[in-house]
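Worksheet for the structure shown next.
The values are calculated or read from the model by the stated rules, or taken from the named source; none is laboratory data. Predicted model only: the values in this text are computed from it and were never measured. With ideal geometry, Cβ positions are generated from the backbone for all residues, glycine too; neighbour counts draw on all protein chains shown.
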Amino acid sequence: MRTSALRRWSIRALMILIGIVMFFPFAWMVSSSFKSNKEVLAYPPSLIPGEWHPENFVHVFTDVPFALYMLNSAIVAVTVTVVALILHAMSGYALATLRFRGREAIFIGIIATMMVPFYSLLVPLLNISKTLGWIDSFAGLIIPWIPHAFGIFLMRQHFLGFPRELKDAAAVDGAGTLRTFFQVALPTSYPMLASLGIIYFIGNWDRFLWPLIITNSPEMLTVPLGLVQFQGQYSTQWNLLMAAAVVASIPTLVLFILLQKRIVAGVTMSGIKG
Amino acid sequence: MKSHASAGRRRIMATAVTAIAAAVALVASGCSAGPSADEPITLTFWKYQDPVQQPVLEALIEKYNSEHDNVKVELETFPFDQYLAEKVTTAMSAGTGPDVFWVSAATVLNFAPQGLLTPLQDRFTEDLRGDFLPQALESITFGDDIYGIPHEMGLQGMLYDKGLFESEGVEVPASWDELKAASAELKTANRSGILLPTNPDVFQNFIWWPFLWSAGGEVVDDGWSKALINQPEGVAALQLWADLMADGAAAPKSSGAFGDELGQGTVAMAALGMWPVSNLAANYPDLQVGAAPLPIPDGGTPSAAFGGWYTAVSAASEHQEEAKDFAVWLFAEDTQNAVDLTTAMTTLSPRISVTEELQKLPAFQAEPLAGFLPIWQTARPEPAYPAEINKAVTDALQAVMFSGTDAQTAADAAAAAIDTYLASPDGEQIRSLVQK
Amino acid sequence: MIASSLTVGPSPRRRAHRGAGEGRAAWVLVLPDVLGLCLIYVGPILFTIYLSFFSWNGISPQRTFVGFDNYRYIFSDPVWMRSLGVSFAYLLMYVPLVTGGALFLAVLLAQKLRGTALFRTIFFLPMAVPVVVAAIVWQFIFQPSYGFVNFLLQSVGLPAQPWLSSPQQALVVVVLVSAWKQVGYFMIIFLAAILAVPKDYLEAASLDGAGSFRRFWSITWPTIRPTTAFVVVMTSIIALQDFDQIFVLTKGGPDYGTYVQVYYIYEQMLRYLHMGPASAASVVLFLIIMVLSIAQIRLLRGGRDAD
């Protein structure tokens, strides 16, 4: 019992220490978002603002159409995430549990697509986008990011742990492959899908380079491009930049808080026993 | 849609023909987006994002659009760090580039030799040419071809914390030795003596040029046939920056071109120029900013570079004449346009008539900006070097500042890289372009 | 023994019976992604390989065929060599740090002590901070003259460090910043995997007298092996392609200290307008990552017979 308490407290201490490191920049961001520009840069720095400027947050939405940027980013991130989750669960399941000719080669081919830096793909992808009429459009922002090896790879690894027993049990019940997937395999994957969903949402919410390349007009900007507007060539409004960053991080935080129960729910795989 | 009623009132025939033609065109085009004869041409004008310049340019464009029915200019802006490399270059590569855009001296050689910019000299009247400082068009003129129109002149100088210098009883340095001494003296645990750019990019080169020039050094010879940077003058200029870093007098890492460190009190001086002055005034009202000429070596000549962007026309634009019209209208005609912009930016202009107006502004009557006026006529434009040469210089600076490389060694390495480049086909192409 | 019952694949008797139907269903499931990947990635990758044999400035129409010249050029370019070294150093620091860190944090969170939900959110926070902002804040923290880290060091008597103005230390800092931001992604993946280990197995082992470490080592660790393999491979792929925070923090400097392979590609392509060497360097990087990933997948799969 004594060791258990010691263990519990040492774990807590570790978590607090690590938590400070993880949390500190975020705290700095929030703190700066309430300061005047001058105070953000003041030395020595202070965590608590001397004067509070909550109007910074108003400026974020009035100086630039930040609400529009958030809407654009939301449309892109949600669409990509929802479609990608479904498609990658399908592919991952097939690659992990089904036997078909060329499976190994296709898997290698799929993860090979992650092995080229994005800069190398920029120019040809832009050309393809132009041909397909995707310039300055939501299609151009969304479609290129739906097929992505990361999610396929992750779901495959996840489904590698999918018990054969469940699959066999479904077969005995007369379910075909597709039904097994949709009715048996998919429901047991919600924690992993929730994890992947958050990752994809953040990835697309935070995407900077591709939206920069594919969009031109001010109405199509996404959140990261909106953030950088607070940085000029000769001066930066640090406090507004931080306030905008705080606003930008809220949707991902909310999403995480909502989804984390799913992630930690664990999985009850009925039918394994015996 | 514009009605042609005014034309038709006089000639009924013309009205009928036009009406029939318009009806046919409308039916034929349906909802298609292609511009018909009456729709205005859209010109895209690209530049980097800057909150100070944005309202001025939007106003100018609105004015242009209202005065020109056949043209609609759209301003599209992009983050500064990615503007030329990621955005303009890739867009041109895919054929989705702009009609008119801003280009810098450091990058003009990425575009001009490949024929990607439209020469503009046919729009430069004698009067207009005479209105520019002789050296202002140097960097974007090759032979007879003028590839851009400059509007601003960010002059370099030494900015310093006047209050600090007075309270510490330190004289503003005029020579390199004095600079080293003053930096060392004003250096404390939390404050560096002088701010020099630390990131390896063209801005670092830009700030270093006057140190090279005041020592009498050059990067290449006039004919662009060999590197001169490893001559004693170049080595001395490298050595200065190396010394300032080595004894900790120079700030080990600077966050950019804004000079915020001056306001924060973490540096005593900054090798910058006039462009951060308004930012400093806005954010640090307690700071007394002083401006002084950049220190020179014994026996050297005072030197300052000026930077700025140029309005250029893309050779790929489908509306060459309209694009040229707009580019010229912006800053090569009515001086008020340039006055509006440079007033907002508190920089000077390479156009004489514009600077005459600017000089009357209160901002330029007082220190520190008044201190830049005497040097504006003799300042040297940021040179247009190809990326390889700029990189060689940056490499040398980085090596002496951060790896403790000996200045002569670093300069020799730079010279070798430059000579290799000059001997290559690319170098040959640039040489013939520059010598036109 | 327990782990083996989690292997997949139908038993030999069933395999022949179901083969054909499975094959077709498999293709239906896989096709949308494969088609998408072909359009978005395969096309451009093939184009990059093609370009690596040409000299082109990326904009003008003329391209000259130069055979292997671009490859010869980069292999004899000391800057490219340097970038290779920097990338590998980055890899060797980043992968253990993020994989180990993510696993460690996930294990901590899986303990489900009181207050875990709060810490879960705190550990997740770096993911929610935009990269640019994270870089700015960390740059501030690591400022040599007035940053928090040196302040801490000096208050315990240690000397201040140059951090981002030392070519060597700058690499450590950019790795740390990237690891800080990305460990959360892999933490939740590990967490989902750990919590998916069937509780019955753990309870049974506990009843048998196995302590928590033994339970982790004998049950959890083998069960999450596919996930571990995934994390190692992914962090390696990411490590060799990381760019954003380097661009903001050091621009590849000081003196090439953080000049990774992608930076070389970026500058060749967009600074010098040398599409040929940029493409060649992309191909080489692609091959390096490919070889490394396949080796890792094979090694980490170990003796399992799956796929």
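Within the range C:64-95, if we keep just the residues that are among the small types (Gly, Ala, Ser) and not in a loop (DSSP other than H, G, I, E, B), the residue that is surrounded by the fewest Cβ atoms within 10 Å (Cβ to Cβ) turns out to be C:85.
If you filter the range C:46-63 down to residues that are at the interface with another protein chain (Cβ under 10 Å from one of its Cβ atoms) and outside any loop (DSSP other than H, G, I, E, B), you find that the one that is nearest to residue A:109 (Cα to Cα) is C:46.
Taken as a whole, the range A:103-117 holds no residue that is of a type in the set (Lys, Arg), outside any helix (DSSP H, G or I) and free of Cβ contacts under 8 Å to residues at least 12 places away in the same chain. For the range C:88-135, the set of residues classified as more than 9 Å from chain A (Cβ to nearest Cβ) and in contact with an Asp or Glu (Cβ under 9 Å, 6 or more places away or on another chain) consists of C:90, C:94, C:135, listed by residue number. Name the single residue, out of those in the range B:60-81 being within 8 Å of another protein chain (Cβ to nearest Cβ) and part of a helix (DSSP H, G or I), that is nearest to the chain's Cα centre (by Cα). Among those that are within 8 Å of another protein chain (Cβ to nearest Cβ) and part of a helix (DSSP H, G or I), it is B:80.
Identify the residue in the range A:90-135 that is of a type in the set (Phe, Trp, Tyr) and at the interface with chain C (Cβ under 7 Å from one of its Cβ atoms) and, among all such residues, is surrounded by the most Cβ atoms within 10 Å (Cβ to Cβ). Don't jump to the end; show me each part of the working.
So the first thing to find is which residues in the range A:90-135 are of a type in the set (Phe, Trp, Tyr), and the list is A:93, A:100, A:107, A:118-119, A:134.
In the following step, the residues that additionally are at the interface with chain C (Cβ under 7 Å from one of its Cβ atoms) were identified as A:93, A:100, A:119.
Values: A:93: 27, A:100: 18, A:119: 22.
Applying the filter and picking the extreme gives A:93.
Restricting the range A:35-60 to residues that are under 28 Å from residue C:184 (Cα atoms) and within 27 Å of the chain's Cα centre (by Cα) leaves a set whose member that is nearest to the other protein chains (Cβ to nearest Cβ) is A:60.
Taking into account only those residues within the range A:167-210 that are modelled with pLDDT under 90 and assigned to a loop (DSSP other than H, G, I, E, B), which is farthest from the other protein chains (Cβ to nearest Cβ)? By that ranking, first place goes to A:173.
Looking only at strands (runs of 3 or more DSSP E) that fall completely inside the range B:202-317, which ones have 1 or more residues that are within 14 Å of chain A (Cβ to nearest Cβ) and under 20 Å from the mean Cα position of the chain (by Cα)? Give the steps one after another, and end with the answer.
Details: elements: B:267-273, B:289-292, B:305-307, B:309-313.
Qualifying strands (runs of 3 or more DSSP E): B:267-273, B:305-307, B:309-313.
Do we find a residue being over 22 Å from residue B:88 (Cβ atoms), modelled with pLDDT of 90 or more and within 7 Å of another protein chain (Cβ to nearest Cβ) anywhere in the range A:254-262? The answer is no, given that none of the residues of the range A:254-262 is over 22 Å from residue B:88 (Cβ atoms), modelled with pLDDT of 90 or more and within 7 Å of another protein chain (Cβ to nearest Cβ). Of the helices (runs of 4 or more DSSP H) lying entirely inside the range C:211-307, those carrying at least 2 residues that are more than 30 Å from residue A:159 (Cα to Cα) and touching a residue at least 24 places away in the same chain (Cβ under 8 Å) are C:244-249, C:261-270, C:275-301.
Table: residues versus (1) under 17 Å from the mean Cα position of the chain (by Cα); (2) at pLDDT 90 or above.
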site: B:349; (1), (2): yes, yes
site: B:376; (1), (2): yes, no
site: B:397; (1), (2): no, yes
site: B:404; (1), (2): no, yes
site: B:407; (1), (2): no, yes
site: B:411; (1), (2): no, yes
site: B:414; (1), (2): no, yes
site: B:421; (1), (2): no, yes
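The numbered conditions (1) under 25 Å from the mean Cα position of the chain (by Cα); (2) more than 8 Å from chain C (Cβ to nearest Cβ); (3) buried (at least 19 other Cβ atoms within 10 Å of the Cβ); (4) not polar (S, T, N, Q) are all true for residue A:153 except (2).
Please find, among B:84, B:109, B:57, the residue that is part of a helix (DSSP H, G or I) and touching a Pro at 6+ places or on another chain (Cβ under 7 Å). Quick ask: steps written out before the conclusion?
Values: B:84 fails: touching a Pro at 6+ places or on another chain (Cβ under 7 Å); B:57 fails: touching a Pro at 6+ places or on another chain (Cβ under 7 Å).
Of the residues listed, the single one that is part of a helix (DSSP H, G or I) and touching a Pro at 6+ places or on another chain (Cβ under 7 Å) is B:109.
Name the one entry in C:161, C:143, C:168 that is among the polar types (S, T, N, Q), within 14 Å of chain B (Cβ to nearest Cβ) and part of a helix (DSSP H, G or I).
Sole residue among the options that is among the polar types (S, T, N, Q), within 14 Å of chain B (Cβ to nearest Cβ) and part of a helix (DSSP H, G or I): C:168.
The single condition among (1) out of contact with any Gly (no Cβ under 7 Å at 6 or more places or on another chain); (2) among the hydroxyl-bearing types (Ser, Thr, Tyr); (3) farther than 26 Å from residue C:187 by Cα that residue A:188 does not meet is (3).
Conditions (1) buried (at least 24 other Cβ atoms within 10 Å of the Cβ); (2) in the same structural domain as residue B:286 (by TED's automatic domain parsing); (3) farther than 23 Å from residue B:309 by Cβ, marked per residue:
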residue: B:141; (1), (2), (3): no, no, no
residue: B:148; (1), (2), (3): yes, no, no
residue: B:165; (1), (2), (3): no, yes, yes
residue: B:169; (1), (2), (3): no, yes, yes
residue: B:174; (1), (2), (3): no, yes, yes
residue: B:180; (1), (2), (3): no, yes, yes
residue: B:192; (1), (2), (3): yes, yes, yes
residue: B:199; (1), (2), (3): no, yes, no
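No other residue among B:96, B:118, B:107, B:90 is in contact with a helix residue (DSSP H, G or I) (Cβ under 7 Å, 6 or more places away or on another chain), more than 11 Å from chain C (Cβ to nearest Cβ) and more than 22 Å from residue B:333 (Cβ to Cβ) apart from B:96. Within the range A:147-162, the set of residues being touching a residue at least 24 places away in the same chain (Cβ under 8 Å), over 9 Å from residue A:88 (Cα atoms) and not aromatic (Phe, Trp, Tyr) comprises A:157, A:158, A:160.
If you go through the range C:201-251 and keep only what is within 12 Å of chain A (Cβ to nearest Cβ) and basic (Lys, Arg), you end up with just C:225.
Scanning the range B:186-224 for residues that are within 17 Å of residue B:271 (Cβ to Cβ) and of a type in the set (Asp, Glu) yields a single hit, B:201.
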